[in-house]
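Below: one structure, written as structure tokens.
The values are calculated or read from the model by the stated rules, or taken from the named source; none is laboratory data. Predicted model only: the values in this text are computed from it and were never measured. Here the Cβ positions follow ideal geometry from the backbone for every residue, glycine too, while neighbour counts run over all protein chains shown. Please note that ligands, DNA and RNA were not included when accessible areas were found on the heavy atoms of the full protein model with its side chains. Shrake-Rupley method; radii C 1.70, N 1.55, O 1.52, S 1.80 Å.
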Amino acid sequence: MSRYLIRAMILPMTDAQDFYLQGEIAIDGDRIVSVGERGTAPAGFNPDRVLDLTNHVVMPGLINTHTHAAMTLLRGYADDMPLMPWLQEKVWPFEDKMTPEDIYWGSSLALCEMLRSGTTTMTDMYISEQETARAVLESGTRALLSRGMIDHNKEAGNRSLQENIELFRKYHNAGDGRIKIMFGPHAPYTCSEEFLLTVKQEADRLGAGIHIHLAETESELATIRERYGTTPLCWLEQQGILGGQMIAAHCVYLNDAELDILKKYNVGVAHNPESNMKLSSGTARIPEMLKRGIAVGLGTDGTSSNNDLDMFGEMRSASFQQKLVGSPEDLKAYEVLKMATAGGATVAGLKDLGKLQPGYKADMISIDFDQPHFYPRFSIPSHLVYCARGGDVRTVIVDGKILMEDRRLLTLDEQKICREAEKRARRIASEV
């Protein structure tokens, strides 16, 4: 375990007024010891190395609260389509041809992209998640993983549930706690009442949370209303599925009463503005959620519906989308930064992440501000949301370990991963 002293501009995300123009962070092992102006490190703190990141802004690592990492293999394969035809005609047939080893290389590709753009934690839902877990362990990043489950038939549903249980047994708290396992029923319209109740029972038995798509499209609402005479969220409440940790992705079509239900059960929302825009799903009521005290994080969704994993782009889109449908004052820059950091940590149930403060995990990134698009510097939060892009990230630290330095990945063979992903994606496409 190493000790580091980082000198840089510091945005700790502890309060909108907190910013250190000439700051320093002391790290001992996987924890932050101190954060403040230069010279505030504890007396007697002797670092193994001093990282002088002058003209860089250091902030908490970004938390992607909803994605499907291995869908990098589908990047550009199925564009410009509505959600249901996109899933049924393109995505699901492609996924049927994917092997566990394909999932490993697709996930590794995603982790390269995430590290390069400042994401240190992802909340992922997909098939063969044990292969994603293997890639996460190798990369040194942090993840909440769930086996995506659809019960088209009872046998398939039971098999996927057993795989999720086995994933929990093998990988929960693996990598010195960097991996957490959740349960991933896909959505109310793809999972039966009986199956969802069984999933909830198993999740509660193991003390695990649930990660689910919810109220993403108008067609989903129509399907659930036809089947059950109510809305997706109300149906989940009626079945007793709510309660305990839940991450609900999208949440585009919710009325006032349903927003109150989210708050009542402390459901965390994973907001995916770029995916929602690309699939013409709609605009989630994020300002209203935040006013009610609902925990909201940002997610990219998978690269087939985005098509990248750049959380800086996601922040910009999140703010601009709300301003388009509402007011220029909606979703200000610092609010969006909170969604991508501390808000994401709350949604993910990670109590010692999302801020730079003593006792928290040493997960942080540096952004090189010595570039033309960051001058003049009237507002650091504004520049991070409206000007920054993933390629501006220079340093990534997770659990007190340097995973990227001066844009060079230290734990992943980027060129090999890109070559392998390209080869495998081409093979799968030829088999569909």
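Summary table
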read-out	value
Neighbours by Cβ (under 9 Å, 6+ apart or cross-chain): first from region 320-331, under 13 Å from Ala284 (Cβ atoms); second in a helix (DSSP H, G or I) and among the acidic types (Asp, Glu)	Gln321/Glu274
Residue pairs meeting the criteria (Cβ under 6 Å; at least 6 apart or on separate chains; first at negative phi, in region 382-399; second polar (S, T, N, Q) and in a strand (DSSP E or B))	Arg394/Ser366; Thr395/Ser366; Val398/Thr120
Region 330-339, subset assigned to a helix (DSSP H, G or I) and not hydroxyl-bearing (Ser, Thr, Tyr), residue surrounded by the fewest Cβ atoms within 10 Å (Cβ to Cβ)	Ala333
Selection from region 340-397 of residues that are assigned to a helix (DSSP H, G or I), of a type outside the set (A, V, I, L, M, F, W, C), open to solvent by less than 10 Å² (accessible area, probe 1.4 Å) and within 25 Å of Arg408 (Cα to Cα)	Gly390, Asp392
Residues located in region 82-121, provided they are farther than 19 Å from Glu163 by Cβ, open to solvent by less than 20 Å² (accessible area, probe 1.4 Å) and part of a helix (DSSP H, G or I)	Leu83, Trp86, Leu87, Val91, Phe94, Ser108, Ala110, Leu111, Cys112, Met114, Leu115
Residue in region 406-429 that is acidic (Asp, Glu), farther than 30 Å from Asp102 by Cβ and open to solvent by less than 60 Å² (accessible area, probe 1.4 Å) present	no
Gln238 being open to solvent by 60 Å² or more (accessible area, probe 1.4 Å), of a type outside the set (Lys, Arg), at negative phi and within 21 Å of the chain's Cα centre (by Cα)	no
Selection within region 196-225 - open to solvent by 10 Å² or more (accessible area, probe 1.4 Å), farther than 19 Å from Asn255 by Cβ and either touching a Lys or Arg at 6+ places or on another chain (Cβ under 9 Å) or free of Cβ contacts under 8 Å to residues at least 24 places away in the same chain (or both)	Gln201, Arg205, Leu206, Gly207, Ala208
Qualifying residue in region 255-276 (condition: in a helix (DSSP H, G or I) and in contact (Cβ under 8 Å) with a residue 60 or more places away in the chain)	yes
Residue satisfying all of: in region 38-47; surrounded by 13 or more Cβ atoms within 10 Å (Cβ to Cβ) and in contact (Cβ under 8 Å) with a residue 40 or more places away in the chain; nearest to Arg407 (Cα to Cα) among these	Pro47
Residues satisfying the stated conditions in region 48-64, i.e. more than 30 Å from Arg427 (Cα to Cα) and buried (at least 16 other Cβ atoms within 10 Å of the Cβ)	Leu51, Leu53, His56, Val57, Val58, Met59, Pro60, Gly61, Leu62, Ile63
Top-ranked residue of region 65-77 - restricted to ones that are outside any helix (DSSP H, G or I) and under 19 Å from the mean Cα position of the chain (by Cα), ranked as surrounded by the fewest Cβ atoms within 10 Å (Cβ to Cβ)	Arg75
Given (1) outside any strand (DSSP E or B); (2) at pLDDT 95 or above; (3) more than 27 Å from Ile165 (Cα to Cα); (4) hydrophobic (A, V, I, L, M, F, W, C), number of the condition Val50 does not satisfy	(1)
Flag for Gly302 being on the phi > 0 side of the Ramachandran plot, assigned to a loop (DSSP other than H, G, I, E, B) and at pLDDT 95 or above	no
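Residues are listed down the side, and each one gets a yes or a no for (1) open to solvent by 50 Å² or more (accessible area, probe 1.4 Å); (2) under 20 Å from Arg75 (Cα atoms); (3) within 20 Å of the chain's Cα centre (by Cα):
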residue: Leu242; (1), (2), (3): no, no, no
residue: Cys251; (1), (2), (3): no, no, yes
residue: Ala284; (1), (2), (3): no, no, yes
residue: Glu288; (1), (2), (3): yes, no, no
residue: Ser305; (1), (2), (3): no, yes, yes
residue: Phe320; (1), (2), (3): yes, no, yes
residue: Pro328; (1), (2), (3): yes, no, no
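To keep it simple, each residue is scored yes or no on (1) touching a residue at least 40 places away in the same chain (Cβ under 8 Å); (2) in a strand (DSSP E or B); (3) under 22 Å from the mean Cα position of the chain (by Cα).
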| residue | (1), (2), (3) |
| --- | --- |
| Gln17 | no, no, no |
| Glu24 | no, yes, no |
| Val35 | yes, yes, no |
| His56 | yes, yes, no |
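For every residue, the table says whether it meets (1) basic (Lys, Arg); (2) part of a strand (DSSP E or B); (3) open to solvent by less than 60 Å² (accessible area, probe 1.4 Å); (4) in contact with a Cys (Cβ under 8 Å, 6 or more places away or on another chain).
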position	(1), (2), (3), (4)
Glu131	no, no, yes, no
Arg134	yes, no, no, no
Glu138	no, no, no, no
Ser160	no, no, yes, no
Arg169	yes, no, no, no
Gly175	no, no, yes, no
